[in-house]
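Notes to accompany the following structure.
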Amino acid sequence: MKEQITKAISQEEFLNIKNQYFNLAKNKQKEEKLNAKILEQIKVIEKAEGELLKEQVKLTRLLSEKAKLNDFAKDSQAQEATNE
């Protein structure tokens, strides 16, 4: 009788451990899928950041050109005023 009880407990423990193992394996797969999705999103964000940086450089150049043109216009107006 004692042997049967021990055997039953051992089988139950084994099944519990087996179930825990399968649950851990499922969770690991879910985690890996989520990590892959996160990495994909990070790549998309990094690409977008690169595009934004390029646009920022273009904008900075345009603002610099605008400032130069404004300075040139002021200088021209000042020159015309002195010539008159």
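What residue among Lys33, Lys68, Lys54 has the largest mean-square fluctuation in a Gaussian network model of the chain, using Cα springs under 10 Å?
Largest GNM mean-square fluctuation: Lys68.
Restricting to Cα atoms and excluding each atom paired with itself, what does the Kirkwood estimate give for the chain in Å?
Numbers: mean 1/r = 0.0500 Å⁻¹.
Its Kirkwood hydrodynamic radius stands at 20.0 Å.
In the Gaussian network model of the chain, springs joining C-alpha atoms below 10 Å, which of Leu69, Leu59, Leu34 carries the largest mean-square fluctuation?
Of Leu69, Leu59, Leu34, the most mobile in the Gaussian network model is Leu69.
Using a 7 Å offset from the Cα along the Cα-to-Cβ direction at both Phe72 and Met1, what is the distance between the two label points in nm, to one decimal?
Placing both labels 7 Å beyond Cα along the Cβ direction yields 10.7 nm.
Of the heavy-atom accessible surface of the chain (probe 1.4 angstrom), what whole percent is carbon and sulfur?
Carbon-and-sulfur percentage of accessible area, whole number: 58.
What distance in nm separates the simple spin-label points at Asn83 and Lys33, each placed 7 Å from Cα in the Cβ direction?
For Asn83 paired with Lys33, the spin-label model returns 7.5 nm.
By the scheme Lys and Arg +1, Asp and Glu -1, what is the net charge of all other residues having a beta-carbon under 13 Å from that of Leu59?
+1
With every protein chain left in place, what is the accessible area per residue of the chain in square angstrom, probe 1.4 Å?
102
So if each residue of separation counts as 0.36 nm, and I subtract the Cα-Cα distance between Lys26 and Ala8, what length gain in nm does that give?
3.8 nm
The values are calculated or read from the model by the stated rules, or taken from the named source; none is laboratory data. Predicted, not measured: the structure shown is a model, and the values here were computed from it. Because the Cβ atoms are built from the backbone with ideal geometry, glycine has one as well, and the counts that use them run over all protein chains shown. Side chains are part of the model used for accessible areas, which takes the heavy atoms of the whole protein and leaves out ligands, DNA and RNA. Shrake-Rupley method; radii C 1.70, N 1.55, O 1.52, S 1.80 Å.
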